[in-house]
Amino acid sequence: MYKDKILKLLRSSKAGFISGEELARKCGISRTMVWKHVKSLERDGFGIQAVPSQGYRITSVPDILRLGDIKPGLKTRIIGKEIELLPEVASTNTLAMEMASNGAPEGTVVIAEMQTGGKGRLGRKWISPKGNLYFSLILRPDIPMYKAPLITLMGAVAVASAIRKQCALETAIKWPNDVLISGRKVSGLLTEMSAEQDRIRHIVLGIGVDVNMDLGVLPPDVRELTTTLAVAAGEKINRTALLQEILRDLDHWYQAFLSNVQDVLSAWKSLNMTIGNRVTVSGAGETHEGLAQGIDNEGRLIIRLDDGAIRTVAAGDVTMQKKL
Ligand code: BTN
């Protein structure tokens, strides 16, 4: 596409300005066509300065995700070989599940700028305005069904470590897979799967990261438990670079998961903030209170109740109490 080529040339112009004539020559189109594409880039949100006898220069880039920015340099083996990027969708998880049923290959990533029906864990909504990251991976691991929850733990490890590297922020994982900064949630993961008997057909791992949104869009009860990376870092975050880092880490940790689950469990343990704390875990109509002792090989939380009994919990919400 000429528009993409013009954008690339404008972005790589060392001199700042690049003349309409040079753009026209390099693209093999007329100067009038160059001008039309520049106007179209402006409509996309790019700030472009046009100075007679000097040419064009980019003054600002919009905060939008573009495939042409995400794919180059990704260098992943499995994750992101195919990427579907949409301005808006009900839920990237729902779309990815449909695409997986229709044969989309393993590693396909579905990304949206916003979701109108974002889904959270335990049947909750995931409020999904513009400015954040919402994406889902299609995975086809050859594993028994009971190991599927480990995929979500693997995802949390990847997200927590990518944020550490890209934003230099101290992340921690709250069981099972919430990523927190200073005790406030910044990312959540939702796994859905299709299976027959004990055979997994496909798994969709959905990830939402609160990056640059205005926290004011959240209802007060959710807002007080939530932060964004921009708030935590004190500056706007480059979503493209962060997304690339997360996809690279997912690629790494998914392969680790396939070859040796223990590596993922150790990484999860080293990033987690739940083990060793008194917790209240509620879910499936039950509430357990006690000391979070560890996780088992299937990612379930092991709790020692006050009467000494041990409970193993597969799903639920954790509230942390004071460390003993
Ligand atoms: C949670 O409750 O913590 C899980 C939130 C998961 C949200 C992500 S956003 C991308 C993907 N699509 C969805 O509808 N949900 C997940």
Worksheet item: Restricting to the stretch 26-179, what percent of DSSP beta bridges are antiparallel, rounded to 5?
Response: 65 percent
Practice prompt. Using only Cα atoms, locate the centre of the stretch 61-124 and the centre of the stretch 200-258, then give the distance between them in Å, rounded to an integer.
Written response: 13 Å
Worksheet item: To the nearest 10 Å², what's Y146's accessible area with a 1.4 Å probe?
Response: 120 Å²
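What's the carbon and sulfur percent of the stretch 182-296's accessible surface, probe 1.4 angstrom, rounded to a whole number? Could you put the intermediate results ahead of the total?
Working: 2310 of 4980 Å².
For the stretch 182-296, the apolar C and S fraction of the accessible surface comes to 46 percent.
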Discussion item. Tell me which of M193, L291, P105 sits at the most positive position along the dipole axis of the chain, charges placed on C-beta atoms (Lys, Arg +1; Asp, Glu -1).
Written reply: P105
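Based on the alpha-carbon gyration tensor of the stretch 192-243 and its eigenvalue square roots a ≥ b ≥ c, which shape applies: rounded if a/c is under 1.5, prolate if not and a/b is larger than b/c, or oblate?
Details: a/c = 4.71, a/b = 2.01, b/c = 2.34.
Taking the square roots of the gyration eigenvalues as a ≥ b ≥ c, the stretch 192-243 is oblate.
How large is the charge dipole for the stretch 1-98, taken about the Cα centre, if only the Cβ atoms of Lys, Arg (+1) and Asp, Glu (-1) carry charge, to the nearest 20 debye?
540 debye
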Worksheet item: In terms of the Cα gyration tensor, with a ≥ b ≥ c the square roots of its eigenvalues, is the stretch 72-156 rounded because a/c is under 1.5, prolate because a/b exceeds b/c, or oblate?
Response: oblate
Worksheet, complete the sentence: accessible surface per residue for the stretch 244-316, probe 1.4 Å, DNA/RNA/ligands not counted, whole Å² -> 45 Å²
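Consider all pairwise Cα distances in the chain and report the whole-number % of them above 36 Å.
I get 26 percent for the Cα pairs in the chain exceeding 36 Å.
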Worksheet item: Packing-wise, with mean Cβ within 10 Å as the measure, how do 181-193, 43-55, 95-107 rank, highest first?
Response: 181-193, 95-107, 43-55
Discussion item. Only four residue types carry charge here, +1 at the Cβ of Lys and Arg and -1 at the Cβ of Asp and Glu. Report the dipole size of the chain about the Cα centre in Debye, rounded to the nearest 20.
Written reply: 1140 debye
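Using a 1.4 Å probe, what is the accessible area per residue for the stretch 69-122, in Å²?
Ligands and nucleic acids excluded, the result is 46 Å² per residue.
Using only the alpha carbon atoms of the stretch 118-234, find the Kirkwood hydrodynamic radius as the inverse mean reciprocal pair distance, in angstroms to one decimal. Please report the intermediate quantities before stating the final value.
Values: mean 1/r = 0.0672 Å⁻¹.
About 14.9 Å for the stretch 118-234.
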Worksheet item: Charges only on Cβ, +1 for Lys and Arg, -1 for Asp and Glu: so what's the dipole of the stretch 218-270 about the Cα centre, in debye to the nearest 20?
Response: 80 debye
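For the stretch 248-310, what percent of Cα pairs sit more than 17 Å apart? All intermediate terms of the calculation are to be shown ahead of the outcome.
Numbers: 953 of 1953 pairs.
The answer is 49 percent, as a whole percent.
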Discussion item. Could you give the length gained by full extension between S259 and S60, i.e. 0.36 nm per residue of separation minus their alpha carbon distance, to one decimal place?
Written reply: 67.2 nm
Practice prompt. If a/c stays under 1.5 just call it rounded; otherwise compare a/b with b/c (prolate if a/b is bigger, oblate if not). Do that for the stretch 21-130, with a ≥ b ≥ c from the square roots of the Cα gyration tensor eigenvalues.
Written response: prolate
Worksheet item: Just from its helices, what would the mean residue ellipticity at 222 nm be for the chain, if runs of 4 or more DSSP H residues each count -39500 (n - 2.57) and the sum is divided by every residue, rounded to the nearest 500 deg cm²/dmol?
Response: -10000 deg cm²/dmol
Worksheet item: Taking +1 at the Cβ of each Lys and Arg and -1 at the Cβ of each Asp and Glu, which of G308, T227, L10 sits farthest along the dipole of the chain towards its positive end, judged by Cα position relative to the Cα centre?
Response: L10
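The values are calculated or read from the model by the stated rules, or taken from the named source; none is laboratory data. Bear in mind that the values here come from a model prediction, so they are computed numbers and not experimental data. Positions of Cβ are backbone-derived with ideal geometry, glycine not excepted, and every protein chain shown enters the neighbour counts. Remember, those area values only see protein heavy atoms, side chains included, never the ligands or the DNA or RNA. Shrake-Rupley method; radii C 1.70, N 1.55, O 1.52, S 1.80 Å.
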